[in-house]
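> So that we are looking at the same thing, I have put the structure below in structure tokens.
None of the figures in this text is laboratory data; all of them are computed from the coordinates on show. Keep in mind the model is a prediction, meaning the values are calculated, not measured. Glycine gets a Cβ as well: all are built from the backbone with ideal geometry, and neighbour counts include every protein chain shown.
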Ligand code: GUN
Ligand code: FE
């Protein structure tokens, strides 16, 4: 045993297929002890006085008063858009042209990529996010920098270079052959190196020619254990554009499906305007979706239909989608997810919300064998949350009756100030600076 962590623990211990099963699968241990060894979880049990006799060499970390949950999983985010959060006034297609593409053009530069990668990963960790599925830019340099920085931290991360060959500025487009070659080189350099994995990342159908999609299909066949990460059905104009560009296909998802890009390790961000058959196709192919509430509200894209997602049996995770999303923080993102539910009469409970942000997200990424709960053998990736860091939070926390109310208050009032410490692979990689917080 390397570390023993004492505190309050909450997790969902197994994946579920309906929200009714969640209460049964949830576990709360008010005074517990988590044992770690070699970057993995050994056990989680209630604290007993004998627990204080730890094996020699095992360091006790006292997080009493903190709520410890599995590290958050962000299933959709763009690291090169960190510097453009809060771009005013446009919906998706104009937003891309006016704001996104100019910013992404800078990532041909390895220095800029390295600097922004370091900043981005610090943002993830200081917000309690220990695993993410990440878009780079079209430049291989952007992905080299990100993987290199994540490797240094020991983070579990899935990322890929954007593939795009049309409907974008010259500086951000490539030929299908170039895209194939550069992607292949990146897979060979990074896929399965430590805890890093590669995601084939065609931006979305409108920036992909049939020839490019054919190259993506070929890569997926050659590297069947890589991930596929793209956007789907985010904005009504975008959906209409895809129908015009691919008139032979029955709909937006059918374009990806035709090139065999659906499947167990495929993740489609947004999915706001799907036809019934598209939900069925996602289910039958065991594909997953990312619900990105702050982005969907910020760009005015639409409301994600949680109820249909459960009913259709489609795996779902939560994404921040920075920089269309407005925060790296998963607590704030869950609070916005709740409001998206409210607009459709869907009651997103705290238990369900935390499931989506941890084990559910892990399942969506086909990583639930490795992360998402405190089951023995999983990676020791977790976050210690301070439940009350402001006068208002202290007041509200103080009159919360049970763990459900405390969790719900956290997703309503919480933000990055509540993240006390973040652990990755059994090491503390981020700790809140109390003196700075007081200032
Ligand atoms: N669709 C294609 N590219 C993007 C992007 O960068 N952000 C979002 N939100 N949607 C997209
Ligand atoms: Fe996105």
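> Quick one: 375, 316, fewest Cβ neighbours within 10 Å first, how do they rank?
Ascending Cβ contact count within 10 Å gives the list 375, 316.
> Can you tell me how the stretch 329-418 classifies by the Cα gyration tensor, rounded, prolate or oblate, using a/c under 1.5 as the rounded cut?
Judged from the Cα gyration tensor, the stretch 329-418 comes out oblate (a/c at least 1.5, b/c at or above a/b).
> Another one. Restricting to the chain, what percent of DSSP beta bridges are antiparallel, rounded to 5?
Expressed as a percentage, antiparallel bridges in the chain total about 45.
> To the nearest 10 degrees, how steep is helix 110-126 against the longest Cα principal axis of the chain, on a 0 to 90 scale?
40
> Compute the long axis of helix 236-245 from its Cα atoms, compare it with the longest principal axis of the Cα atoms of the chain, and write down the angle in degrees, 0 to 90, nearest 10.
Long axis of 236-245 versus the principal axis of the chain: about 40 degrees.
> Could you identify which residue out of 295, 197, 390 has the top mean-square fluctuation in a GNM of the chain using Cα springs shorter than 10 Å?
Checking each option, the largest mean-square fluctuation is seen for 390.
> Going by average Cβ neighbours within 10 Å, how do the peptides 137-148, 265-276 rank, with the highest at the top?
Sorting 137-148, 265-276 by mean packing, highest first, produces 137-148, 265-276.
> Moving on to the next point. Within a 10 angstrom radius of the beta carbon, how do 405, 248, 222 rank from fewest other beta carbons to most?
By the 10 Å Cβ count, ascending: 248, 222, 405.
> Another question, if that's okay. What do you get for Rg/Rh over the chain if you use C-alpha atoms and the Kirkwood form of Rh?
0.96
> Rounded to two decimals, what is the ratio between the C-alpha radius of gyration of the stretch 245-290 and 2.2 N^0.38 Å?
Dividing the Cα radius of gyration by 2.2 N^0.38 Å gives 1.05.
> Here is a further query. Find how many whole Å separate the alpha carbon centroid of the stretch 115-146 from the alpha carbon centroid of the stretch 13-91.
Cα centres, the stretch 13-91 to the stretch 115-146: 21 Å.
> Next question. Quote the relative contact order of the chain in percent (integer), defining contacts as alpha-carbon pairs under 8 Å separated by 6+ residues.
20
> As I understand it, the value is the acute angle between the Cα axis of helix 330-342 and the longest principal axis of the Cα atoms of the chain; what does it come to in degrees, rounded to 10?
70
> Here's another thing I want to ask about it. Mind sorting 386, 416, 20 by how few other Cβ atoms lie within 10 Å of their own Cβ, fewest first?
20, 416, 386
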